[in-house]
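A quick write-up on the structure given underneath.
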Amino acid sequence: MRILVTGAAGFLGSHLTDRLLAADHSVFGVDNLSTGSMKNLSHLEREPRFEFLEHDISAPFDSGRVDFVFNFASPASPVDYARLGVETLMVGSEGTKNALDIARKYNAGFLHASTSECYGDPLEHPQTEEYWGHVNPIGPRSVYDEAKRFSEALVMAYHRYYGVDTHMVRIFNTYGPRLQKNDGRIISNFMMQALKGEDLTVYGDGKQTRSFCYVADEIEGILRLSQSEEHLPVNIGNPIEWTAIDCARAVIEVTGSSSKIVHHPLPQDDPTRRQPDISKARRLLGWEPKIDLKTGLELSLDYFRACVETPV
Ligand code: UDP
């Protein structure tokens, strides 16, 4: 197949591109490099089955005929979408529409990268796909949360009104090589801090939870969903829940660092807990993650060590 990947230079987009090329597809990647990096694609420079267009998908574009569209373009870390607030809203609205129009035009399948942020600061725990969420529509995270919720509504509308063969994954916290070293996220911050011998910055009391999925597990779940008949959202994430402080301890252990833990203020509207219920993915896709946090951190060590050594 010829496959369009928007956000191809990003963390997930580039891993997805690699998996699609390995499965003998050809990939047309699009990215405006606002948070993605060509470094994530540099190994594909001489790959004839990979084409790249530097473009902001919020403006219309045409990839030419494709059989499938993976819509992964968006700033995704709280630090990035705070900096690129309006851009995040635009890519989640105009950008998703432009990607859907390509799927409609070429009668291609479509998979949209949605997020656990659709659940906001959830009142139901763990989160099933049926939960409608608890989102502050005007707070600092709203530029991301509401963009992603609007995208979901648009994807469902293209499915219902135009019959586009759409799929939606709700992605929970994912980590691994190619995470931006300075995106402010918990795993990138802690790994970089531990490897540099700096204090690990736990926000608040560190009792808030997240559930961390290693990137290879996440991509496998997403590929299975793209081949399924399911049009409604499916949670893909690792259901093992960690407090921020235990995550800091795990990073210190895996890196063998002598860093200490310090506490910084908790950002506004930081969700207090997050854990996917993955019964639906298990049932529909026969998928569940295989790599636990400490193993995944070990698999990410070389990447973060290289980041520490190249100070750009
Ligand atoms: N966090 C932290 N220290 C950091 C970065 C993040 O304690 O240096 C916490 C943050 O408060 C949140 C969790 O880690 O509760 C996950 O934050 P992240 O920015 O990775 O993504 P989120 O899941 O909030 O989108």
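Tabulated values for the structure
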quantity	calculated
Unmet criterion (only one of (1) surrounded by fewer than 18 Cβ atoms within 10 Å (Cβ to Cβ); (2) in contact (Cβ under 8 Å) with a residue 40 or more places away in the chain; (3) out of contact with any strand residue (DSSP E or B) (no Cβ under 7 Å at 6 or more places or on another chain)) for ASP217	(1)
Top-ranked residue of the range 45-60 - restricted to ones that are in contact with a helix residue (DSSP H, G or I) (Cβ under 7 Å, 6 or more places away or on another chain) and either among the hydrophobic types (A, V, I, L, M, F, W, C) or closer than 24 Å to ASP101 by Cα (or both), ranked as surrounded by the fewest Cβ atoms within 10 Å (Cβ to Cβ)	PRO60
Selection count where residues are within 16 Å of the ligand (Cβ to nearest atom) and without any contact (Cβ under 8 Å) to a residue 24 or more places away in the chain, scope the range 123-165	4
Filter pass, VAL169 being in contact with a Leu (Cβ under 6 Å, 6 or more places away or on another chain), under 25 Å from PRO75 (Cβ atoms) and among the β-branched types (Val, Ile, Thr)	yes
Single residue of LEU225, LEU284, LEU293 found to be farther than 24 Å from PHE11 by Cβ and either touching a residue at least 24 places away in the same chain (Cβ under 8 Å) or of a type in the set (A, V, I, L, M) (or both)	LEU284
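Readers should treat all values here as calculations from the given coordinates under stated rules, not as data from a laboratory. Quantities reported herein were computed from a predicted structural model and do not represent experimental measurements. Cβ sites come from the backbone with ideal geometry, for glycine too, and all protein chains shown count toward neighbours.
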